[in-house]
Amino acid sequence: MSLEDYRRDIEGCSRCSSCKWVPYNQIKSWRFSKNCPSIYRHNFHTYSGSGRMVIGLSLMEGRAELDETVAEMIFRCQLCGACDSACKTYRDDIDISEVLLELRSYCVESGELLVEHMAVIDSLKREGNSLGELKTARGDWARGLDVKDVNSETCDVLFHAGCRYSYDPDARETVRGDIQLLRSAGLDIGVAGVEEACCGGRAYELGYRGEASNYADDVLNRVKSSGAGTLVTACSDCYSHFQYIYPKIGKELPVEVLHVSQVMDRLIDNGRLDFKHELPLSVTYHDPCHLGRKGEPFTGVWTGDKLDRPMSLKRSGRKGIYDAPRNLLYAMPGVELVEMERIREYAWCCGAGGGVLEAFPDFSASTTVERIEEALATGAEALVTACPWCLRVFKDAVDQTSADLEVYDLADLALISAGVAQPASV
């Protein structure tokens, strides 16, 4: 696909600005009514979903030239998908998210690159991860665990940790706990260890599609050789990329792809996992963009008039993973869930996505703080999420602002309630 392939979408944008707001019938208060971090931060139409549609049309018609300034406007976006979900409440024949991705690919193909993103891609090429860490340390998180090595054994369930969980010291124990919990439920788990590589999704979102395809091939080959019938990941970014980007680029995985929260939810339903330890804690849950509205599976390419596109092929953000994480919280004795105003497909972004954390850290931080303030407004004691990238920026923001709010990975609470981990920190 190319930018020109989305001319119909771009020309169809009526500049109504619905992409900037939570749909009106979902707004609870003026304070938390906006949905787009970019327009909220920069307060100029260009930085909205609609504004970037204007950029795309201007570039295609030769009324504007792509330069460093225009490229920065394009990349100052977390690709959270909120504009797309809001737009589809009114116009389900326009795919803003796809246009935003095509604009980034257009920038890369035209040579308008951000230095910070080039560093991410260089890290992927050299070390197989997006964090600049050593490839040789990729599997350190799994040392000492009772788990199969799929480089020499086959398994029923292949567990993909992802870059952030593999290297972030604050997240490593969480993913180790995931393995322990799944093993305690009797699942036959295998990991790739040092041979695991990035899913490549971040490269795709930055506009580097060739690199993304290479990493998809690597994962696809490993899945096939593992003998697994299911791939489980704890990373919401990886989940979204496996479910959507891989089949979109012709690399669909021949297995069932699940987020670890879905697996735990199933284990509870069939009696193989029991939350028996009480956690007297009031929490609010943050829906990660990649697990929620961007967690919808790929539905195929519609080549006709999008006004005639059947509902089964429309991605509105409503079919993401929203219930499984909440089901886990409801199942934990003592836990009280207090919802924020912007939730599910209309949730506010954590700020870490789309290369913004790497290229525009101040913008990323302001987005994170906005979500922290929304969480505090609920009166909850803790903010819970199911994404290592969200977890990282939330923890950093709480430390920097001294907010009276604990931050937990959903899996950490599950491990404590199941009796796999000690409740010392709760």
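The values are calculated or read from the model by the stated rules, or taken from the named source; none is laboratory data. Small disclaimer: the values here were computed from a predicted structure and weren't measured. Cβ coordinates were reconstructed from backbone atoms using ideal geometry, including for glycine residues, and neighbour counts include every protein chain displayed.
If you take the residues in segment 18-41 that are among the hydroxyl-bearing types (Ser, Thr, Tyr) and closer than 16 Å to residue 99 by Cβ, which one is modelled with the highest pLDDT? Among them, the one singled out is 38.
Every residue in segment 195-216 that is at pLDDT 95 or above and over 17 Å from residue 118 (Cβ atoms), please. The answer is 195, 196, 199, 201, 213, 216.
Quick check on segment 325-340. Is at least one of its residues hydroxyl-bearing (Ser, Thr, Tyr), assigned to a loop (DSSP other than H, G, I, E, B), more than 18 Å from residue 238 (Cβ to Cβ) and free of Cβ contacts under 8 Å to residues at least 60 places away in the same chain?
No: zero hits.
On inspection, residue 298 passes the criterion of being assigned to a loop (DSSP other than H, G, I, E, B), closer than 26 Å to residue 155 by Cβ and either without any contact (Cβ under 8 Å) to a residue 12 or more places away in the chain or not assigned by TED's automatic domain parsing to the domain that holds residue 92 (or both). Determine whether segment 183-198 contains at least one residue that is in contact with a Gly (Cβ under 8 Å, 6 or more places away or on another chain), among the basic types (Lys, Arg) and not assigned by TED's automatic domain parsing to the domain that holds residue 409. No, every residue in segment 183-198 fails to be in contact with a Gly (Cβ under 8 Å, 6 or more places away or on another chain), among the basic types (Lys, Arg) and not assigned by TED's automatic domain parsing to the domain that holds residue 409. The set of residues in segment 301-321 being in a loop (DSSP other than H, G, I, E, B) and more than 21 Å from the chain's Cα centre (by Cα) consists of 301, 302, 303, 304, 305, 309, 310.
Return the residues of segment 341-376 that are charged (D, E, K, R), surrounded by 24 or more Cβ atoms within 10 Å (Cβ to Cβ) and not in a helix (DSSP H, G or I); say none if nothing qualifies.
As a first pass, look at segment 341-376 and keep what is charged (D, E, K, R): 341-342, 344-345, 358, 362, 370-371, 373-374.
Now restrict to residues that are surrounded by 24 or more Cβ atoms within 10 Å (Cβ to Cβ): 342, 345, 371.
Listed by number, the list holds a single entry, 342.
Which residues, taken from segment 260-296, are surrounded by fewer than 16 Cβ atoms within 10 Å (Cβ to Cβ) and out of contact with any strand residue (DSSP E or B) (no Cβ under 6 Å at 6 or more places or on another chain)?
The answer is 266, 269, 270, 271, 272, 274, 276, 278, 280.
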